[in-house]
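*Asks:* Encoded as structure tokens, here's the structure I'll be asking about.
None of the figures in this text is laboratory data; all of them are computed from the coordinates on show. No experiment lies behind these values; they were computed from the predicted model shown.
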Amino acid sequence: MNEDLPPYGSKYPKTIEETINRLFIEAPLKDQVRINSMDQDELINLHFSLGQYIRNEYGLWKGNDPLFDQCRVLAGNKGLDADSASMIIITEFWKRLREKPVMRVIK
């Protein structure tokens, strides 16, 4: 277990912001750089990797209603499913990565 993570009453983050902060801690730098280098329409390619991690590790399959509710509000869709909620989180993580200076793959 990563000791840099703050203690949680539940193992699941309750907000999108908390989820993104945990992704910054948990995702290897090389993955962060790769995601940052993607175009937004390429993010769907993360559905079966990062998306599955988010769905499983952050409780979207297990009733993490506070996080799910934030995703629903952000999407403007009360019927949002776990797959779509994980894509909302991936997109928000990608946006935050792109705010960081010098997070590009050097070719």
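*Asks:* What are the lysines whose alpha-carbon lies under 29 Å from the alpha-carbon of Lys14, with same-chain residues fewer than 8 places away excluded?
*Replies:* Lys30, Lys62, Lys78, Lys95, Lys100
*Asks:* Expressed in nm to one decimal, what extension gain is obtained for the pair Ser84 and Ser49 from 0.36 nm per residue of sequence separation less their Cα-Cα distance? Kindly include the intermediate steps, with their values, before the conclusion.
*Replies:* Numbers: separation 35, 0.36 × 35 = 12.60 nm, distance 1.40 nm.
The Ser84-Ser49 span can extend by a further 11.2 nm.
*Asks:* Given N residues in the range 16-99, what is Rg(Cα) / (2.2 N^0.38 Å)? Don't skip to the end; give the middle numbers.
*Replies:* Details: Rg = 11.9 Å, N = 84, 2.2 N^0.38 = 11.8 Å.
Rounded to two decimals, the normalised Rg is 1.01.
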